[in-house]
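Notes follow the structure.
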């Protein structure tokens with residue numbers, strides 16, 4: 001496993017809600033990374049749905065973007081019935 005992925009795997013934050021789980025994530029963009037939250041129904045197969053957070057902010061490193069996403073995950077109040085973020 002590449003070093004970046006090992007480092008991110010050790011810092012990603014995760015929270016469970018009644019029907020969903022959310023994990024801090026990063027999305028590569030031109031010039032860096034966006035902070036994001038990956039949402040998936042508990043126990044469901046398939047890929048998570050990615051929601052970028054802190055719109056307009058681009059981080060130079062994936063680690064910095066993940067740390068920002070972790071902070072937003074702590075602010076998250078709930079996940080709606082359709083998997084939308086509830087602040």
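Could you order the peptides 73-80, 18-25 from most to least packed, using the average number of other C-beta atoms within 10 Å per residue?
18-25, 73-80
Treating the angle as unsigned and between 0 and 90°, give the value, to the nearest 10°, between the Cα long axis of helix 62-75 and the longest Cα principal axis of the chain.
The two axes meet at around 30 degrees.
Working out 0.36 nm times the residue gap between residue 47 and residue 61, then minus their Cα-Cα distance, what length gain in nm do you get to one decimal?
Here the answer is 2.7 nm.
Quantify how much of the Cα-Cα distance distribution of the chain extends past 19 Å, in percent.
36 percent
Over the chain, what is the relative contact order in percent, taking alpha-carbon pairs closer than 8 angstrom and at least six residues apart?
28 percent
So what's the back-of-envelope 222 nm ellipticity for the chain, counting only DSSP H runs of four-plus at -39500 (n - 2.57) apiece and dividing by all residues, rounded to 500?
The per-residue figure over the chain is -8000 deg cm²/dmol.
Values in this text are rule-based calculations from the coordinates and carry no lab data. Just so you know, these numbers come straight off a predicted model, no measurement behind them. Every residue, glycine as well, gets a Cβ built from its backbone with ideal geometry; the counts of neighbours run over all protein chains shown.
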